[in-house]
Amino acid sequence: MDASAGGGSPQDMVVPPVEGVAGGGTAYGWMEGGVEASTSLRGLIDPLVVPTSDLVHTWCMPSTANVGPQDMPRRLEPMNLLAARNERESFQVALRPKVSWSSLGNAGVVQVQCTDLSSASGARLVVGQSITMRKVVTVLGVPDALVPLDHPTSQISLVPGETSAVWISINVPAEQPTGQYEGEVIVTATKNEATSPSQSMSRAEKHQLYTELRDCLDTVEPIDGKPLEEVVERVKSATTSLRRVLLSPSFSEFFSDNGSVDIMDEDAVSNLSIRVKLNLTVWDFVIPATPSLPAVFGISDTVIEDRFGVEHGSKEWFEALDRHFEWLLQFRISPYFCRWGESMRVLAYTCPWPADHPKSDEYLSDPRLAAYAVPYSNNSNHVAKDYLQKEVEVLRTKSHWKKAYFYLWDEPLNMEQYNSVRNLASEVHTYAPDARILTTYYCGPNDAPLAPTPFEAFVKVPKFLRPHTQIYCTSEWVLGNREDLVKDIISELQPENGEEWWTYVCMGPSDPHPNWHLGMRGTQHRAVMWRVWKEGGTGFLYWGANCYEKASTPSAEIRFRRGLPPGDGVLYYPGEVFSSSNEPVASLRLERILSGLQDIEYLKLYASRFGRDEGLALLEKTGMYLGPERYTAEHMPIDMMRGEIYNTCRP
């Protein structure tokens with residue numbers, strides 16, 4: 001393009017700097033709109049002297065924002081949050097370097113510290129217990145994985161010209177005193193030249209380090225019986241190798257120029273840091289321990305067996321399933337383990353232990369569990385059938401039996417499969433007449449139409465399956481943007497006979513409808529549960545939360561399944577992919593599912609005071625959710641909805 005095309009001279013143009021010129025970094029002295037940063041920062045920059053605000057853009061974003069590497073800076077303002085008791089509320093702190101102050105390839109390292117939140121009465125929310133920090137990591141270029149950071153202080157390596165984000169969650173205990181809480185997030189540029197190896201090192205770098213250390217060990221181990229001269233030479237060689245490893249960039253964060261540990265002076269932190277003010281209002285509403293809406297999510301046991309190398313039924317297998325179950329309960333979902341058979345026959349079970357095992361009562365009586373799947377196999381073996389019958393007989397004596405359901409078949413398509421559902425359900429009902437059978441479907445039998453049109457046939461499924469199904473779980477995809485069709489579905493049900501209408505999403509519906517695919521907007525993820533509440537569903541099912549491609553090692557790269565939209569069936573990742581921890585890593589989408597389920601509790605409270613029609617009117621008045629193609633893309637209407645409920649429902 002000709003520099004003079006716009007009428008100005010070439011000298012008038014502002015050109016982005018070149019990497020390595022005038023102090024380095026593709027972001028050096030450059031901001032969106034051609035506005036240059038301070039030109040006083042030239043040459044070597046010492047973060048112990050220069051205020052962090054001159055080095056790093058820092059701003060806050062809500063939990064519904066997808067903060068990607070190319071996000072541009074915004075104005076830094078205090079973060080004001082509202083939370084009920086027993087609620088998790090999250091926000092993000094975004095960081096983007098203005099200049100480079102590192103001699104390595106990164107722009108520099110910042111230290112992020114979160115303080116405790118304190119109220120005037122002395123109540124506290126403690127970092128590392130009630131407050132957690134996680135780094136937002138991109139998956140397929142989209143911000144999604146939330147990798148745990150150290151508490152109360154962690155280091156983040158910034159990349160020139162890119163935005164990083166820290167996800168901060170506040171978990172308010174059910175017994176937490178109400179009131180106003182204050183705290184800070186403190187961001188400080190440091191001289192440390194690298195983050196911890198687990199965060200900054202690539203797999204190739206780790207392998208190189210491993211090889212050098214192994215070679216060093218191989219040098220000194222076989223010294224028994226060796227001549228003294230050879231032993232000395234081997235030790236010298238090992239010393240040289242170890243020194244080379246210790247002086248590598250991977251460990252530079254631990255040493256300053258004079259070799260001593262580099263800890264920033266507290267006064268320097270105080271004077272030079274960016275301080276993000278955090279204000280939290282905890283109000284007198286307790287999110288119920290048991291979710292009002294059962295949201296049942298599938299966890300593939302075969303994926304766990306393959307990736308973690310555990311044999312079905314072994315001690316390690318039970319430990320792995322137990323770890324996943326306990327971790328997932330924090331998101332207000334009711335997990336069930338599953339595996340698929342022929343023609344979408346599914347074996348679903350929430351508790352891997354037998355019904356008479358102490359662990360069974362521990363699992364199924366947990367108040368955080370809203371519903372649980374009872375395993376049932378169509379095995380013709382009489383011994384197996386007797387065992388299953390005895391399992392059900394034990395469960396029926398328990399007070400938690402009301403939470404039980406049987407999930408026998410996923411999306412039957414033809415008359416043969418529909419008849420299989422009917423036959424399996426009949427077997428269950430012979431020894432458990434009050435058992436609830438859940439059937440997912442998006443069409444009637446395609447080889448024996450129940451009505452002239454596909455949708456009419458879909459609507460007639462309850463009449464066809466009755467009394468062999470009690471929970472009719474339909475795909476949201478079928479409705480499209482025709483929310484008015486909900487009444488046609490509900491009109492076919494008999495709630496007086498215990499029949500329920502649940503919904504699910506999977507491959508569909510697609511954009512712009514609410515779903516949990518990677519790359520969708522944050523409000524689009526959260527709106528899945530708004531849609532459930534508005535349409536009047538009494539439960540929700542999601543087919544899989546860990547259904548990535550098969551792998552045989554825990555740290556293997558995550559690959560989404562072919563033929564599925566990215567992110568479909570994957571809501572969390574193995575911790576080993578990102579670090580040495582075996583704790584699963586949540587996705588942003590899983591956190592937004594939790595937020596949506598908490599929104600339902602707010603709306604339920606409001607409807608209990610003023611009626612469901614007023615609750616629906618509130619959704620419309622705030623502009624938060626009007627329909628599957630008409631919902632907010634911004635966070636503000638969410639705060640308006642929550643604020644209105646706080647103002648009208650607090651004591």
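The values are calculated or read from the model by the stated rules, or taken from the named source; none is laboratory data. Everything numeric here is computed off the predicted structure, so don't read it as measured data. Note: ideal-geometry Cβ built from the backbone for every residue, glycine included; neighbour counts use all protein chains shown. Side chains included, ligands, DNA and RNA excluded: accessible areas come from the protein's heavy atoms. Shrake-Rupley method; radii C 1.70, N 1.55, O 1.52, S 1.80 Å.
When D639, D613 are checked against the criterion of being assigned to a helix (DSSP H, G or I) and surrounded by 15 or more Cβ atoms within 10 Å (Cβ to Cβ), D639 stands alone in meeting it.
Of the residues making up segment 620-636, just one is in a helix (DSSP H, G or I) and in contact with a helix residue (DSSP H, G or I) (Cβ under 6 Å, 6 or more places away or on another chain), namely T622. Of all positions in segment 312-324, at least one carries a residue that is assigned to a loop (DSSP other than H, G, I, E, B), open to solvent by 40 Å² or more (accessible area, probe 1.4 Å), modelled with pLDDT of 95 or more and farther than 19 Å from V172 by Cα. For segment 389-421, the set of residues classified as open to solvent by less than 70 Å² (accessible area, probe 1.4 Å), under 15 Å from M344 (Cα atoms) and part of a helix (DSSP H, G or I) consists of M415, Q417, Y418, N419, S420, V421, listed by residue number. Of all residues in segment 291-311, those that are open to solvent by 10 Å² or more (accessible area, probe 1.4 Å), in a helix (DSSP H, G or I) and not acidic (D, E) total 3.
Scanning segment 362-388 for residues that are at pLDDT 95 or above, surrounded by fewer than 16 Cβ atoms within 10 Å (Cβ to Cβ) and out of contact with any helix residue (DSSP H, G or I) (no Cβ under 7 Å at 6 or more places or on another chain) gives E362, P367. Look at (1) farther than 20 Å from V303 by Cα; (2) crowded, with 20+ Cβ neighbours inside 10 Å; (3) charged (D, E, K, R) and you find that D568 fails only one, number (1).
Restricting to segment 106-122, give me the number of residues that are surrounded by 15 or more Cβ atoms within 10 Å (Cβ to Cβ) and farther than 16 Å from L44 by Cβ.
Count: 10.
Here S587, S552, S580, S608 are screened, and the one residue that is of a type in the set (S, T, N, Q) and free of Cβ contacts under 8 Å to residues at least 40 places away in the same chain is S608.
Residue pairs whose Cβ atoms lie under 6 Å apart, separated by 6 or more positions or on different chains, with the first residue in segment 66-82 and open to solvent by less than 100 Å² (accessible area, probe 1.4 Å) and the second among the charged types (D, E, K, R), are P69/E162; M72/E32; P73/R96; P78/K277; L81/E89; L82/R642.
The criterion of being free of Cβ contacts under 8 Å to residues at least 24 places away in the same chain, closer than 24 Å to P375 by Cβ and among the small types (G, A, S) does not hold for A295. Checking the stated criteria, E535 turns out to be touching a Leu at 6+ places or on another chain (Cβ under 9 Å) and either more than 26 Å from S399 (Cα to Cα) or modelled with pLDDT under 95 (or both).
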